Amino acid sequence: MAKRTDDEILADLTAKQREIETRINAVKARSKERARKEETRRKVLVGAVILAEAERSEAAKQRLQALLDKHLVRPIDREVFGLPPRPDQSGQAATSSDSTARPDDAD
């Protein structure tokens, strides 16, 4: 059996390295997608609980309305909940993705 050269060994190892990196990236992508789906599910469930409570309790409904009014600034988001445009917007749509509140901004 002929002895392999260093270049042949290096080429084989480099090919294996690329294959392993591809597999690592696939696992990371699956993990990231799973985390994104779990986060979306948590948001849906929290929203469902809050909406159900707002239907049962007038106080909860008023608190929810106040939170939405305080934190939703984009006209398209406010429209979903039947809120009027904010006076400080004077008909302009917000363009920043930071214009809606993040959960850690809530009271």
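The values are calculated or read from the model by the stated rules, or taken from the named source; none is laboratory data. The shown structure was predicted, so the numbers you read here are calculated from the model rather than taken from an experiment. Here the Cβ positions follow ideal geometry from the backbone for every residue, glycine too, while neighbour counts run over all protein chains shown.
Summary table below
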item: Among (1) more than 25 Å from the chain's Cα centre (by Cα); (2) β-branched (Val, Ile, Thr); (3) under 30 Å from PRO87 (Cα atoms), the one test that VAL73 misses; result: (1)
item: Long-range neighbours under 8 Å by Cβ, at least six apart or interchain, first residue surrounded by 10 or more Cβ atoms within 10 Å (Cβ to Cβ) and part of a helix (DSSP H, G or I) within the stretch 49-63, second among the hydroxyl-bearing types (Ser, Thr, Tyr) and modelled with pLDDT under 95; result: none
item: Single unsatisfied condition, ARG4 versus (1) assigned to a helix (DSSP H, G or I); (2) more than 30 Å from PRO85 (Cα to Cα); (3) not small (Gly, Ala, Ser); result: (1)
